Structure formats: structure tokens, C-alpha cells
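In what follows, a structure is listed as C-alpha cells, so that the remarks can point back to it.
The values are calculated or read from the model by the stated rules, or taken from the named source; none is laboratory data. Bear in mind the structure is a predicted one, so any value in this text is a computation, not a measurement. All Cβ positions, even for glycine, are placed from backbone atoms using ideal geometry, and neighbour counts span all protein chains on display.
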Amino acid sequence: MKQLLTTLLALALFISCSKDKEVDYVAKNEQEIIDYIAKNKLSAQKSGTGLYYVITEPGTGTQPTATSNVTVAYKGYYTNGSVFDESKPEGISFGLNQVIKGWTEGIPYFKTGGSGILLVPAHLGYGNNDYNGIPGGSVLIFDVKLVKVN
């Protein structure tokens with residue numbers, strides 16, 4: 001009986017410690033985005049999922065859906081301004097169902113020719129884990145231009 005109690009106590013301690021390593025970035029990301037918006041005097045809108053977006057130019061062409069194939073020119077950076085990725089001016093083509101949730105949701109806010117900014121919290125980006133050099137829990141900001149809906 002004493003061994004069972006010791007084992008259960010050790011298991012509870014292990015589970016408790018492993019949960020401490022998981023960080024909930026939602027509140028942290030929210031504050032980071034709000035601070036970035038204020039510092040840069042942006043007029044951003046917030047969706048129900050926590051995505052913030054700024055429509056600089058809505059565009060006049062076709063509006064994509066979450067499953068459209070699109071061509072987008074973009075620059076991705078962190079709130080400190082450090083760039084982590086950038087396309088060529090002609091953009092790259094991909095299916096919106098093949099990218100991070102922030103893009104699947106955000107790109108359809110624009111019509112062809114439209115441009116703006118997507119401010120993506122970690123839960124709509126790469127989550128809490130590191131991904132291709134992007135630290136887990138990162139807020140990702142994208143300057144985007146919807147070149148065309150393919």
C-alpha cells in the first residue's frame with residue numbers, strides 16, 4: 001500500500017511538472033498585439049478567433065474563400081520588426097487550406113489587389129512549438145497583398 005501511494009504521488013508530481021512546461025500564450029499574445037497596434041497607430045479589427053487584421057486596400061477583384069488557391073506577396077516579421085520570411089514581389093501561390101489558420105482566415109478579408117496586415121497569435125500560427133526557426137508562442141505579423149485568386 002505504501003508503494004502504491006508513493007507511486008501515485010510521484011506520478012502526480014510528474015504530471016504537474018510536465019503541465020508547467022506548457023505555456024498558454026493566448027493572453028500574452030493578445031497583450032503583445034494590442035501593444036504593437038498602439039505603438040504603430042494601426043486601426044485593426046479583431047475576429048472571433050483572435051486574429052487581428054488591418055485592411056489598407058480592400059481590392060476590387062475576386063474574393064477568395066478558405067479553400068481557394070491564391071497568389072500572395074508578403075513579408076512576415078515579429079513585433080520587434082525582425083523579418084523571418086518574405087516572398088518575391090510577384091508573390092507565391094498556394095491553397096488557403098494548406099497554410100496556417102491565420103492565413104486561411106485572414107486572406108479572404110481581401111479581394112484581388114487588396115493589401116493589409118495580419119497580426120497572428122500563436123494559436124493561429126505555429127502554436128507553442130518551435131517551427132523552422134520561429135520560436136514557439138510567437139506573434140507573427142504579415143504585410144500581405146492578394147495578387148490574384150487562381
Query raised in the report: Just wondering, is there one or more residues in the stretch 100-121 that are of a type in the set (Lys, Arg), under 14 Å from Ser68 (Cβ atoms) and assigned to a loop (DSSP other than H, G, I, E, B)?
Result: yes
Requested in this report: Only residues that are in contact (Cβ under 8 Å) with a residue 24 or more places away in the chain, out of contact with any Leu (no Cβ under 9 Å at 6 or more places or on another chain) and not polar (S, T, N, Q): list them for the stretch 33-59, please.
Outcome: Asp35, Ile55, Glu57, Pro58
Report summary line: Flagged in the stretch 40-56 as surrounded by 11 or more Cβ atoms within 10 Å (Cβ to Cβ) and of a type in the set (D, E, K, R), in numbering order, are Lys46
Report task. Check Val147, Val99 and return the single one that is surrounded by 20 or more Cβ atoms within 10 Å (Cβ to Cβ) and more than 26 Å from Lys39 (Cβ to Cβ). Result -> Val147
Query raised in the report: Is one or more of the residues making up the stretch 88-97 modelled with pLDDT of 95 or more and in a helix (DSSP H, G or I)?
Result: yes
**Report entry** Residues of the stretch 57-71 satisfying the condition of being under 25 Å from Tyr126 (Cβ atoms), among the β-branched types (Val, Ile, Thr) and either within 16 Å of the chain's Cα centre (by Cα) or surrounded by fewer than 17 Cβ atoms within 10 Å (Cβ to Cβ) (or both)
**Finding:** Thr65, Thr67
**Report entry** Residue check, Lys19 of a type in the set (Lys, Arg) and either in a strand (DSSP E or B) or at pLDDT 95 or above (or both)
**Finding:** no
Query raised in the report: Do we find that Asn128 is surrounded by fewer than 14 Cβ atoms within 10 Å (Cβ to Cβ), modelled with pLDDT under 95 and in contact with a Phe, Trp or Tyr (Cβ under 9 Å, 6 or more places away or on another chain) in this structure?
Result: no
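So that you can scan it fast, the table gives a plain yes or no per residue for (1) in contact (Cβ under 8 Å) with a residue 12 or more places away in the chain; (2) in contact with a strand residue (DSSP E or B) (Cβ under 6 Å, 6 or more places away or on another chain):
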{"residue": "Gly61", "(1), (2)": "yes, no"}
{"residue": "Pro64", "(1), (2)": "yes, yes"}
{"residue": "Val70", "(1), (2)": "yes, yes"}
{"residue": "Gly76", "(1), (2)": "yes, yes"}
{"residue": "Ser82", "(1), (2)": "no, no"}
{"residue": "Gly95", "(1), (2)": "yes, yes"}
{"residue": "Ile100", "(1), (2)": "yes, no"}
{"residue": "Thr104", "(1), (2)": "yes, no"}
{"residue": "Phe110", "(1), (2)": "yes, yes"}
Query - Extreme residue, nearest to the chain's Cα centre (by Cα), among residues of the stretch 22-39 that are within 18 Å of Asp143 (Cα to Cα) and exposed (fewer than 13 other Cβ atoms within 10 Å of the Cβ) - result: Asp35
Requested in this report: Enumerate the pairs (first residue in the stretch 133-150 and in contact (Cβ under 8 Å) with a residue 24 or more places away in the chain and among the acidic types (Asp, Glu); second residue anywhere and surrounded by fewer than 23 Cβ atoms within 10 Å (Cβ to Cβ) and in a strand (DSSP E or B)) with beta-carbon separation below 7 Å, excluding pairs fewer than 6 apart on the same chain, so at least 6 apart or on different chains.
Outcome: Asp143/Tyr74; Asp143/Lys75; Asp143/Ile117
Report summary line: Filtering the stretch 39-79 down to residues that are under 24 Å from Gln98 (Cβ atoms) and of a type in the set (D, E, K, R) yields Lys75
